[in-house]
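Read through the structure below, which is laid out as structure tokens, and then see the notes.
The values are calculated or read from the model by the stated rules, or taken from the named source; none is laboratory data. Note that the structure is a prediction, hence the values are computed from the model and not measured. Please note: Cβ atoms are built from the backbone with ideal geometry, for glycine as well, and neighbour counts cover all protein chains shown.
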Amino acid sequence: MKLTQLLTATALMLVAAGLPATAQTARIGYVPTEDHPVGQGVNKFVELVSEKSEGRIEIQKFGNGTLGNEPQMQSSLQGGIMEMMVGPTSNLVGSIPEYLIFDLPFFYPDFEAVDKVMDGRVGNALFAKLDALNMVGLAYWDNGFRHMTNAVRPINSVNDVAGLNIRVIPNPLFISTFTALGANPVPLPYPELFTALETRAVDAQETPVGLIYSSRFYEVQDHLALTGHVYTPYLLLASKTWFDSLPAEDQALVMEAARESADFQRNLSRTDADRLIGLLEQEGMEVTRLSDEEMARMRETVAPVVAEFTETIGADLIQQAREDMGAN
């Protein structure tokens, strides 16, 4: 009898070993609309995970802030209540000040430099710090360089920024940057921004062109200045509670899908930017491009801000970023 039971148990174990891992259902939340590059990136990521897991992992998509704003979703991830989200690195600076490296004004000259930092030593070191917040960094996605819009006047020089009441991310580096430029920074959560612009509670705002277009800011803003002053990426994040519950093979395929979706999303976001600028012009926005001399003046004006926050971020980390950006 005991031998029969042992043989039966052994047979069941062998059968179980050949079965696929337990099916998983997870949710992913994000604030932009589905037609935004983030929404399209989420679609690609969900498709890749389903394909690689042969349908065992189903990810349900919740865009347009359905599951809350980004700080709320981040809190849900940390508490293990929610599985995944996409949000900007700026939301993490309160807990991990080193993420301010992505908010430094005029620090990144182009996308190639940005990618070297995100995909290199700095990006990996910052992902490692997420463990303490019960989160896992899956990939860096593109949010584009940030530009300024306003309803008062064209911006052709640093002097034109002075006096504008500009909405900024509730983030000390953004506040310091626009104070240095002579503007009056007004920290506001993103969901409140359109109404604030419409009622003229603020004159101006600064976001990438993808958000400017998808949020229809052209309805309440007349001028767009292509300043490219800050590059703040998006993060594809997972709750460590959920991610650690996956078998190792599923963790690996989720990470692989995240990397592939990052390539897709970055390319989509960046190639779409020029088209969106044209559409914003068609909607009646006046687009200005500052001269090299004026861009240099802006860079010089905010240089003390970069120096001030170097201590907060860590001089070694900033040096690593500069070295990696300069690497061939």
Q: Those residues that are farther than 13 Å from PRO233 by Cα and of a type in the set (S, T, N, Q), I need them from the stretch 91-135; list them, please.
A: SER95, ASN124, ASN134
Q.
List pairs: first residue in the stretch 106-122 and outside the structural domain of GLU294 (by TED's automatic domain parsing) and farther than 19 Å from MET148 by Cβ, second residue surrounded by fewer than 19 Cβ atoms within 10 Å (Cβ to Cβ) and of a type in the set (Gly, Ala, Ser) anywhere in the structure, Cβ distance under 7 angstrom, at least six positions apart or on different chains.
A. LYS116/ALA327
(Q) If the requirement is being of a type outside the set (D, E, K, R), over 30 Å from MET255 (Cβ atoms) and in contact with a Pro (Cβ under 9 Å, 6 or more places away or on another chain), which of these qualifies: ILE175, ILE169? (A) ILE175
Q | Selection within the stretch 187-203 - over 21 Å from the mean Cα position of the chain (by Cα) and buried (at least 16 other Cβ atoms within 10 Å of the Cβ) | A | ALA196, LEU197, VAL202, ASP203
**Q.** Every residue from the stretch 311-327 that is without any contact (Cβ under 8 Å) to a residue 24 or more places away in the chain and under 15 Å from VAL117 (Cβ atoms)
**A.** ASP316, GLN319, ARG322, GLU323, GLY326
Q: Could you please give the count of residues in the stretch 19-60 that are surrounded by fewer than 18 Cβ atoms within 10 Å (Cβ to Cβ), under 19 Å from THR271 (Cβ atoms) and of a type in the set (Val, Ile, Thr)?
A: 1
Q: Working carefully through the options MET298, MET255, find the one that is more than 23 Å from the chain's Cα centre (by Cα) and either assigned by TED's automatic domain parsing to the domain that holds THR207 or within 30 Å of GLU58 (Cβ to Cβ) (or both).
A: MET298
Q | Tally, over the stretch 266-307, of residues that are part of a helix (DSSP H, G or I), modelled with pLDDT of 95 or more and acidic (Asp, Glu) | A | 5
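For residues that are more than 14 Å from the chain's Cα centre (by Cα), more than 13 Å from ASN134 (Cβ to Cβ) and in a loop (DSSP other than H, G, I, E, B), tally how many sit in the stretch 59-95.
Residues flagged as more than 14 Å from the chain's Cα centre (by Cα), more than 13 Å from ASN134 (Cβ to Cβ) and in a loop (DSSP other than H, G, I, E, B) within the stretch 59-95 amount to 7.
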Q. When the stretch 94-105 is examined, which residues are found to be free of Cβ contacts under 8 Å to residues at least 12 places away in the same chain and surrounded by 19 or more Cβ atoms within 10 Å (Cβ to Cβ)?
A. none
Q: Could you check, for the stretch 271-286, whether at least one of its residues is out of contact with any Ser or Thr (no Cβ under 8 Å at 6 or more places or on another chain) and more than 20 Å from ASP35 (Cβ to Cβ)?
A: yes
Q) Got a number for residues in the stretch 8-58 being under 19 Å from ALA248 (Cα atoms), in a helix (DSSP H, G or I), modelled with pLDDT of 70 or more and small (Gly, Ala, Ser)? A) 1
Q) How many of the residues making up the stretch 164-180 are over 23 Å from the mean Cα position of the chain (by Cα) and either surrounded by fewer than 22 Cβ atoms within 10 Å (Cβ to Cβ) or part of a helix (DSSP H, G or I) (or both)? A) 3
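Taking ASP263 as the residue in question, decide whether it is at pLDDT 95 or above, farther than 21 Å from THR232 by Cβ, of a type outside the set (S, T, N, Q) and out of contact with any helix residue (DSSP H, G or I) (no Cβ under 9 Å at 6 or more places or on another chain).
Taking the combined requirement at face value, the residue does not satisfy it.
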